[in-house]
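The values are calculated or read from the model by the stated rules, or taken from the named source; none is laboratory data. What you see is a predicted model; the values in this text were computed from it and never measured. Note that we place each Cβ from the backbone using ideal geometry, even for glycine, and neighbour counts take in every protein chain shown. Keep in mind that these areas ignore ligands, DNA and RNA; they rest on the heavy atoms of the full protein, side chains included. Shrake-Rupley method; radii C 1.70, N 1.55, O 1.52, S 1.80 Å.
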Amino acid sequence: MKTVDSIEVVVAAIEDVTPLIKRFTLRKISGGLLPPFSGGCHVTVVMRGGERTFRNPYSLLGSPRNLDSYEIAVRRDDQGRGGSLFMHQLVTVGTRLEISHPINLFPLSKLARKQILIAGGVGITPVLAMIDDLSAGPIDWELHYSFRGTEHACFGTWLSKRHGDRVRLYDTAAGQRIDFATLVGQQPLGTHLYVCGPSQMTVEAFESARAAGWPESHLHTEQFAPPPVGVAFEVHLAKSEQTVQVSAEQSLLEALEAAGIDAPYLCRSGACGRCELNVVELDGELIHNDHWLTAEDRISGRKIMPCVSRAKCKRLVLDW
Amino acid sequence: MLVPDVKSRPQYQQLRFDPSGRFHLFVGQGDGGLALLRVRPELPESAEIRVIYTGESLTGCDLSEELAGCGWRQLKVLTTQVAALQMLDEVLEQSLMGTRLYVAGSEGFIGAAEQVAARYNLQSDELQREHQGSSARRVFCVHCQTSQDDVTTNIVLCRGCGRHLLVRDHYSRRLAAFMGGMADAEVPGCLPELREGFG
Amino acid sequence: METAFKPDESFRAPFHYGNSPAAIRRFPFPFDQDTFMYSVNVEPHLPGPGGSCYEFPIDIDEHYVAECREREIALATTTHRYLALPHMMAAQWDVLELITSHLSRDYPEHFELQRDGNRWRWINRPLGRDDTFTFGDPATLPQEPLEYITRQTQGDWCVLDQRNGNLWLDAGMVTTQADWSLNFDLGMNFREWHGPVPLAPELGVFDRALKLLMNLQLGNPVRRLNWTMTINPRFDTSPEQYPVWGPDRAGVTLDNVGDLAHLRVELQALWRLPRSNAIVFSIRGFLMSLREMVTIPKWGRRMHRVLRDLHPALVAYKGLGRYRDTALAWLADYDDGTATPPGTQPE
């Protein structure tokens, strides 16, 4: 099954939001409106950079009511694999890019009685569009946004102006911290908690919520973590009878794509389950880095999520 | 010739104290009191626990006195199911995240309590259900939209439209009822064998 | 393709219905081999050959006007056929946009959509409608958006909310269903509303289908076919109306089965909806009598074999028990035992 139908866009504007974050405005090359979307959506941006093609997910942060353009924000990561540097250094106004249709793996619960959003740093991006949806609806909500230093406060100040008391800002450089325990301790039944930020923040927020008795069904997060590196190995595809080398820096999925194989994917973060492949044979061990497979799946050694997981072996045979 | 062996009935479990919760609300009806008596010794003394109970039931099993005798700090005994459900609604309105709801009683009572809980967006990981006592069902007639309680046979005469209904094993949480559809529509008078109880 | 509508058709007594030879050839015959068992038979909802029922994502055929009138009758004479839970309003507008934009693009001779910001004008020539409304404001439409637009389509529409790792049937327009009740099933999750289906759970069909649908993407709709049989060209075979259509099954004889027994095929298409992140599930029914079917010899032979070898649990679930033997006796005359080439196409 063909998995991704892409949209051709052109970069219409680039703006420095903070010293590390740039905002890109994307318009359809053919003109006209882009597809509507919902708060929490991301698009996968395809970056064809010389030898390597990056496919990075970025949240849509503009208003779902403005479909003339999409906006994404990219935080520069000098130690990263190169996708954010590509966006910061090689993309200019007028650059053409290919993006996926919007995908929402971080949706708001429509039945919540109250919504609490927690964002840290560049994790604010999906939250911006979520707030746009929330402010048009009847459900009570509040945002707690933490960032480091006033030069990084740009999104927060803007939100604060628009939404007043619903938005609380925390500048960690000034020693301000979100008091998670107090925050989650006194919320009415039916409240949902959404966290988007550094993994440490998510852990802290969720641990506080669990300690206060919150069940998992009310806790939501989205993290776009790059696939971990490892050692190189060889993959053989049993059905299509192809052999592909996975380098230490590459994810298994990227290696398959580089070999021209149309493998399925959605989140590229090990969360959604779309890219699951069946293992036929293995002369080593699987290194699972996903949040999708069950403990049983892992023990069975029969399944792998190639977007983030890899193998420590000479040869892995997949049912493809 | 409706299909009799449809499988979408609710799955019940035995109530067990859930230590991941912070507040614990037990709601019992009739024989459901047995479940409350059974879990009582398992409950930590420090836990924040409230109990709502009504002895009103088809089986006549009223355990109000037994429950009153086992030292709950917050026990409310009500004379009717309606009053118990009303109290449940009021308590949930005031409740905080971290609450666990435990319901024990007849299928009809559990269903009605779940309808209340749904208004507060309680999910399956915040709610336990234990079936005790009568297996009588609430049946919803798809033809005239009348529900009737305490149905104990596979075929029942609809109070609303007078048709013989076959009770299907298909359950709606929204209506808190099993589906009833005309049993002899294809050949009038040709009814399946009448059976007591639901296996 | 120029479609000549047949506005006089009736899907209730006195019945008046038939397929033109062209409509028979474009019928979505569901059996690609001589046996049938459940599978996750989901494929991308991609455009098919010109003139086929897959040419456009939402098909309009010669029965369009009559089926819209049948829906009006069902809505006027029965209750609870259109239902939507309050949190589904964004999804309702999504469905309205999906239907109006596809129909106006694919059938410009029949439908026209003019968009000026949120000010929309919708022209439906076959039904004689010309309405202007504000997108996003339900007060500017005569009915809720989902009801309004699905009154102008063939087939049923279910809208599924996605939350907590499941899909929830939280809105729908259902007047042409094969023995399931929207009023009863509203609010159920994917597993609950499939509870009545035999065998499929054991085959793991629902687990895989749910996984696939949860990951359904914008711009990448999927489809599958489902089938059953219906006595008379009747679309409203709801549980609510069973007292009306149930007796039909007892009146089937060898003399009338060729005309009374219809293969009913559902072309089910699913789209991810953009603003609500919900999924819309369209269930478009096609009806063809056995007599029409045997005009395509391959289909006649295959239908005989599929029906003959059908698993007993499916015979019961699809309600075929009372007349299957009669249908088999009639179809036997059209099965000379020769091989049927694989695939669903007529030859």
Step by step: first the residues of the stretch B:113-146, then only those that are at pLDDT 95 or above and hydroxyl-bearing (Ser, Thr, Tyr), then the one that is nearest to B:VAL103 (Cα to Cα). Which residue is that? B:TYR120
Test result for A:LEU286, outside any loop (DSSP other than H, G, I, E, B), in contact with a Phe, Trp or Tyr (Cβ under 7 Å, 6 or more places away or on another chain) and either away from every other protein chain (no Cβ under 14 Å) or surrounded by fewer than 17 Cβ atoms within 10 Å (Cβ to Cβ) (or both): no
Can you confirm whether A:GLY149 is within 28 Å of A:PRO57 (Cβ to Cβ) and under 23 Å from the mean Cα position of the chain (by Cα)? no
Could you figure out which of (1) out of contact with any helix residue (DSSP H, G or I) (no Cβ under 8 Å at 6 or more places or on another chain); (2) open to solvent by 30 Å² or more (accessible area, probe 1.4 Å); (3) within 14 Å of chain B (Cβ to nearest Cβ) isn't true of A:ALA181? (1)
Counting only residues that are more than 14 Å from chain B (Cβ to nearest Cβ) and modelled with pLDDT of 95 or more, the stretch A:204-232 contains a total of 1
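Quick one: count up the residues across the stretch A:15-35 that are touching a residue at least 40 places away in the same chain (Cβ under 8 Å) and closer than 22 Å to A:SER135 by Cβ. Please lay out each step first, then the result.
Taking the stretch A:15-35 as the starting set, the residues that turn out to be touching a residue at least 40 places away in the same chain (Cβ under 8 Å) are A:17-27, A:29, A:35.
If we keep only those that are closer than 22 Å to A:SER135 by Cβ as well, we get A:17, A:23, A:25, A:35.
Going through the stretch A:15-35 one residue at a time, the tally reaches 4.
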Could you say whether any residue in the stretch C:238-255 is over 21 Å from C:PHE27 (Cβ atoms), aliphatic (A, V, I, L, M), assigned to a helix (DSSP H, G or I) and within 14 Å of chain B (Cβ to nearest Cβ)? yes
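Give the residue that is nearest to the other protein chains (Cβ to nearest Cβ), with candidates limited to residues of the stretch C:256-273 that are closer than 30 Å to A:PRO35 by Cα and not aliphatic (A, V, I, L, M). Lay out the reasoning, then the answer.
Let us first name the residues in the stretch C:256-273 that are closer than 30 Å to A:PRO35 by Cα, namely C:266-273.
In the following step, the residues that additionally are not aliphatic (A, V, I, L, M) were identified as C:266, C:268, C:271-272.
Details: C:GLU266: 18, C:GLN268: 16, C:TRP271: 12, C:ARG272: 8 Å.
Once the filter is applied, the top-ranked residue is C:ARG272.
Each row is one residue, and each column tells you yes or no for (1) open to solvent by 40 Å² or more (accessible area, probe 1.4 Å); (2) modelled with pLDDT of 95 or more.
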{"position": "C:PRO201", "(1), (2)": "yes, no"}
{"position": "C:VAL205", "(1), (2)": "no, no"}
{"position": "C:LEU213", "(1), (2)": "no, no"}
{"position": "C:ASN220", "(1), (2)": "no, no"}
{"position": "C:MET229", "(1), (2)": "no, yes"}
{"position": "C:GLN241", "(1), (2)": "yes, yes"}
{"position": "C:ASP248", "(1), (2)": "no, yes"}
{"position": "C:LEU254", "(1), (2)": "yes, yes"}
{"position": "C:ALA261", "(1), (2)": "no, yes"}
Unmet requirement for A:VAL317, which otherwise passes all of (1) closer than 21 Å to A:SER59 by Cβ; (2) in contact (Cβ under 8 Å) with a residue 60 or more places away in the chain; (3) in contact with a His (Cβ under 9 Å, 6 or more places away or on another chain); (4) not aromatic (Phe, Trp, Tyr): (1)
The stretch A:21-48, residues that are open to solvent by 20 Å² or more (accessible area, probe 1.4 Å) and more than 14 Å from chain C (Cβ to nearest Cβ): A:LYS22, A:ARG23, A:THR25, A:ARG27, A:ILE29, A:SER30, A:GLY31, A:ARG48
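Taking C:LEU46, is it assigned to a loop (DSSP other than H, G, I, E, B) and either open to solvent by 20 Å² or more (accessible area, probe 1.4 Å) or over 17 Å from C:GLU266 (Cα atoms) (or both)?
Numbers: assigned to a loop (DSSP other than H, G, I, E, B): yes; either open to solvent by 20 Å² or more (accessible area, probe 1.4 Å) or over 17 Å from C:GLU266 (Cα atoms) (or both): yes.
Against the criterion (assigned to a loop (DSSP other than H, G, I, E, B) and either open to solvent by 20 Å² or more (accessible area, probe 1.4 Å) or over 17 Å from C:GLU266 (Cα atoms) (or both)), C:LEU46 qualifies.
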Check the stretch A:151-163 and report whether any residue there is in contact with an Asp or Glu (Cβ under 8 Å, 6 or more places away or on another chain) and either at pLDDT 90 or above or over 23 Å from A:LEU20 (Cα atoms) (or both). no
Subset of the stretch A:198-235 (residues that are of a type in the set (S, T, N, Q) and either touching a residue at least 60 places away in the same chain (Cβ under 8 Å) or not in a loop (DSSP other than H, G, I, E, B) (or both)): A:SER199, A:GLN200, A:THR202, A:SER208, A:SER217, A:THR221
Could you check how many residues of the stretch C:295-347 are assigned to a helix (DSSP H, G or I), touching a residue at least 60 places away in the same chain (Cβ under 8 Å), among the aliphatic types (A, V, I, L, M) and more than 26 Å from C:VAL197 (Cα to Cα)? 1
Look through the stretch C:133-148, keep the residues that are surrounded by 15 or more Cβ atoms within 10 Å (Cβ to Cβ) and hydrophobic (A, V, I, L, M, F, W, C), and return whichever of them is farthest from C:ARG69 (Cα to Cα). C:PHE135
Flag for C:ILE73 being part of a loop (DSSP other than H, G, I, E, B), of a type in the set (A, V, I, L, M) and closer than 28 Å to C:LEU186 by Cα: no
Just for strands (runs of 3 or more DSSP E) wholly inside the stretch B:68-134: which have at least 1 residues that are among the small types (Gly, Ala, Ser)? B:99-105
